[in-house]
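Have a look at the structure below before the remarks.
The values are calculated or read from the model by the stated rules, or taken from the named source; none is laboratory data. Everything numeric here is computed off the predicted structure, so don't read it as measured data. Methodologically, a virtual Cβ is constructed for each residue, glycine included, from the backbone with ideal geometry; neighbour enumeration extends over all protein chains shown.
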Amino acid sequence: VGSASQPEPKRASAADREQRRGTLLDRVPERGVLRVCTTGDYRPFSHRDPKSGTYTGIDIKMAGDLAKSLDAKPSFVPTTWATLVDDLAAGRCDVGMGGVSVTLARARQASFSEPYLTDGKTPIVRCEDKDRYRTLEDIDQPGVRVVVNPGGTNEQFARAHVTQATLTVHPDNTTIFDEIIEGRADVMMTDASETRYQSAIHPELCAVHPDQPFSFSEKAYVLPRGDAQFKEYVDQWVHLATHDGTYQKYEDEWMKR
Ligand SMILES: O=C(O)C(=O)C[C@]1(C(=O)O)C=C[C@@H](O)C=C1
């Protein structure tokens with residue numbers, strides 16, 4: 001029985017080490033801080049004011065409520081769409097919030113809470129073009145300029161459906177709508193919730209059939225894999241907040257702006 005037959009001890013990943021410290025359901029109240037990964041570039045869910053660094057949005061309000069329910073204060077950890085799930089899996093935050101869509105690719109690395117919103121991709125265009133770009137076929141034509149933000153489900157959707165039109169990746173999601181308003185692009189396909197919000201604040205922009213999006217998706221909060229107690233708690237909390245009018249109140253506040 002030699003030591004050569006012993007398997008090499010596997011180095012614990014940061015996520016494994018996090019998990020061994022026990023459930024976040026106990027650790028967050030002990031710490032008094034809920035660490036929330038958020039991109040800050042996606043109104044109406046998560047917006048970071050570039051001057052003050054302050055976060056606002058529907059999911060920022062929700063994060064405050066979730067933290068409060070755990071006797072904690074939220075601390076926002078900046079992330080990007082491409083790195084959100086890695087940041088969570090590496091234990092840099094306790095939850096990811098801010099208009100995140102459930103995807104199976106993400107579900108391989110992280111857990112999701114119960115969903116709080118149904119959504120799907122739909123076009124947003126200059127209002128003069130609103131009858132011109134109604135179907136994917138209308139949009140995917142040579143000469144049509146489609147613009148997309150990188151790293152999230154919008155890019156995945158655009159890469160799967162845009163083969164004839166020109167696809168440009170615009171790196172900054174906070175300025176992407178100006179590309180259409182100012183005529184450098186014609187169409188963006190994004191979440192119906194976002195097209196409703198952006199068309200409400202920009203009279204030049206129209207959301208095309210936001211009630212009948214091209215795809216089906218759900219928004220949920222991203223949670224660390226393997227912490228069943230914490231997930232069960234967040235699920236209960238989401239269930240209550242989406243049935244007692246709390247979520248609706250925050251959505252109404254944002255959509256009135
Ligand atoms: O990746 C996701 O989960 C998102 O819903 C984020 C996403 C995207 O799909 O790229 C959605 C809309 C915003 O315009 C920016 C990012």
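Taking interchain pairs and intrachain pairs at least six residues apart, which have beta carbon atoms under 6 angstrom, with the first residue in the range 143-171 and over 17 Å from PRO213 (Cβ atoms) and without any contact (Cβ under 8 Å) to a residue 60 or more places away in the chain and the second part of a loop (DSSP other than H, G, I, E, B) and within 14 Å of the ligand (Cβ to nearest atom)?
Pairs that qualify, where the first residue is over 17 Å from PRO213 (Cβ atoms) and without any contact (Cβ under 8 Å) to a residue 60 or more places away in the chain and the partner is part of a loop (DSSP other than H, G, I, E, B) and within 14 Å of the ligand (Cβ to nearest atom), are ARG145/ALA185; VAL147/HIS170; VAL147/ALA185; VAL169/PRO150.
Pull out all pairs, ordered by first then second residue, where Cβ-Cβ is under 9 Å, the residues are six or more apart or on different chains, the first lies in the range 179-191 and is without any contact (Cβ under 8 Å) to a residue 60 or more places away in the chain, and the second is within 9 Å of the ligand (Cβ to nearest atom) and not in a loop (DSSP other than H, G, I, E, B).
Final answer for the pair search is GLU179/MET188; ILE180/MET188; ALA185/ILE176.
Here are some residues: ILE124, ILE139. Which one is out of contact with any helix residue (DSSP H, G or I) (no Cβ under 6 Å at 6 or more places or on another chain), crowded, with 20+ Cβ neighbours inside 10 Å and over 26 Å from ASP227 (Cα atoms)?
Result: ILE139 is the single residue among ILE124, ILE139 that is out of contact with any helix residue (DSSP H, G or I) (no Cβ under 6 Å at 6 or more places or on another chain), crowded, with 20+ Cβ neighbours inside 10 Å and over 26 Å from ASP227 (Cα atoms).
Can you name the residue in the range 64-118 that is over 14 Å from the mean Cα position of the chain (by Cα) and of a type in the set (Lys, Arg) and is also surrounded by the most Cβ atoms within 10 Å (Cβ to Cβ) among such residues?
Going through the qualifying residues, I end up with ARG92.
Of everything in the range 240-257 that's touching a Phe, Trp or Tyr at 6+ places or on another chain (Cβ under 9 Å) and assigned to a helix (DSSP H, G or I), which residue is modelled with the lowest pLDDT?
Across the range 240-257, the extreme among qualifying residues is MET255.
Just to be sure, is ALA200 surrounded by fewer than 18 Cβ atoms within 10 Å (Cβ to Cβ), more than 14 Å from the ligand (Cβ to nearest atom) and part of a helix (DSSP H, G or I)?
Yes, satisfied.
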